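The structure appears below as structure tokens.
The values are calculated or read from the model by the stated rules, or taken from the named source; none is laboratory data. Just so it is clear, the structure is predicted and the values come from calculations on it, not from any experiment. Every residue, glycine among them, receives a Cβ derived from its backbone with ideal geometry; neighbour counts consider all protein chains shown. Each accessible area value is taken on the protein alone, full model and side chains, heavy atoms only, with ligands, DNA and RNA left out. Shrake-Rupley method; radii C 1.70, N 1.55, O 1.52, S 1.80 Å.
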Amino acid sequence: MKRTIYLQMLYLIDMHRSWIALDDSSSYAPRIIYMRGKVIRCTFRTICLRAIYKHNGYECGTKWSISEYELDKALAVYRKQNSNVKTRLQKGASYLEAKDVNAIMEIATYGLLKLELSEFPLYKQR
């Protein structure tokens, strides 16, 4: 995943959050992936999210750690599903929207986590 898309995704999660807050985005964690029938151990950047309050059966303080590898796979699937996103992201990462991040995160977590980001930002940037 391009660094600019990754950073824009973090910005949108932080700016449009509803019941989940961005806890940490600068950590790296080892993950095991399967490629071509082989087990490979790699280190990926991870996004750590935390539930601010109880919602959808998740308790307050519940944490999720999502690797960049899963986000990258989800972005590829989302680009295939939505050609509009593909053309917008070719223009630049700033064209990524909150609804796109919602869909990407849902795909990356296999439907378990729905961010429900608001359309409007929580605060204005000066």
- Kindly establish whether E97 is under 26 Å from F120 (Cα atoms), out of contact with any Phe, Trp or Tyr (no Cβ under 6 Å at 6 or more places or on another chain) and surrounded by 12 or more Cβ atoms within 10 Å (Cβ to Cβ). yes
- Item | Matching option when the condition is in contact (Cβ under 8 Å) with a residue 60 or more places away in the chain and assigned to a strand (DSSP E or B), among L49, L75, L12 | L49
- Query: Among the residues of region 45-62, is any over 24 Å from P121 (Cα atoms), open to solvent by less than 50 Å² (accessible area, probe 1.4 Å) and at pLDDT 90 or above?
  - Reply: yes
- Could you grab me the full set of residues in region 15-24 that are more than 21 Å from G92 (Cα to Cα) and either part of a strand (DSSP E or B) or out of contact with any strand residue (DSSP E or B) (no Cβ under 7 Å at 6 or more places or on another chain) (or both)? R17, S18, I20, A21, L22, D23, D24
- Item | Matching residues, region 54-69, being in contact with a strand residue (DSSP E or B) (Cβ under 8 Å, 6 or more places away or on another chain) and assigned to a loop (DSSP other than H, G, I, E, B) | E59, C60, G61, T62
- Do any residues in region 97-123 that are on the phi < 0 side of the Ramachandran plot have Cβ atoms under 9 Å from those of residues that are of a type in the set (S, T, Y) and modelled with pLDDT of 95 or more, where the two are at least six apart or on different chains, and which pairs are they? D100/Y78; A103/Y78; I104/Y78; I107/Y78
- Query: Here are some conditions: (1) aliphatic (A, V, I, L, M); (2) farther than 20 Å from L22 by Cα; (3) under 15 Å from the mean Cα position of the chain (by Cα). I40 meets all but one. Which one does it not meet?
  - Reply: (3)
- Please go through region 21-44 and pick out each residue that is of a type outside the set (S, T, Y), in contact with a Pro (Cβ under 8 Å, 6 or more places away or on another chain) and open to solvent by 90 Å² or more (accessible area, probe 1.4 Å). R41
- Query: Which members of region 3-20 meet the condition of being closer than 25 Å to N56 by Cβ and either modelled with pLDDT of 90 or more or open to solvent by less than 60 Å² (accessible area, probe 1.4 Å) (or both)?
  - Reply: M9, L10, Y11, L12, I13, D14, M15, H16, S18, W19, I20
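So that you can scan it fast, the table gives a plain yes or no per residue for (1) of a type in the set (F, W, Y); (2) farther than 22 Å from W19 by Cα:
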residue: R50; (1), (2): no, no
residue: W64; (1), (2): yes, no
residue: Y69; (1), (2): yes, yes
residue: K91; (1), (2): no, yes
residue: M105; (1), (2): no, no
residue: Y110; (1), (2): yes, no
- Item | Sole residue being among the basic types (K, R) and either surrounded by fewer than 14 Cβ atoms within 10 Å (Cβ to Cβ) or touching a strand residue (DSSP E or B) at 6+ places or on another chain (Cβ under 8 Å) (or both), chosen from K73, K80 | K80
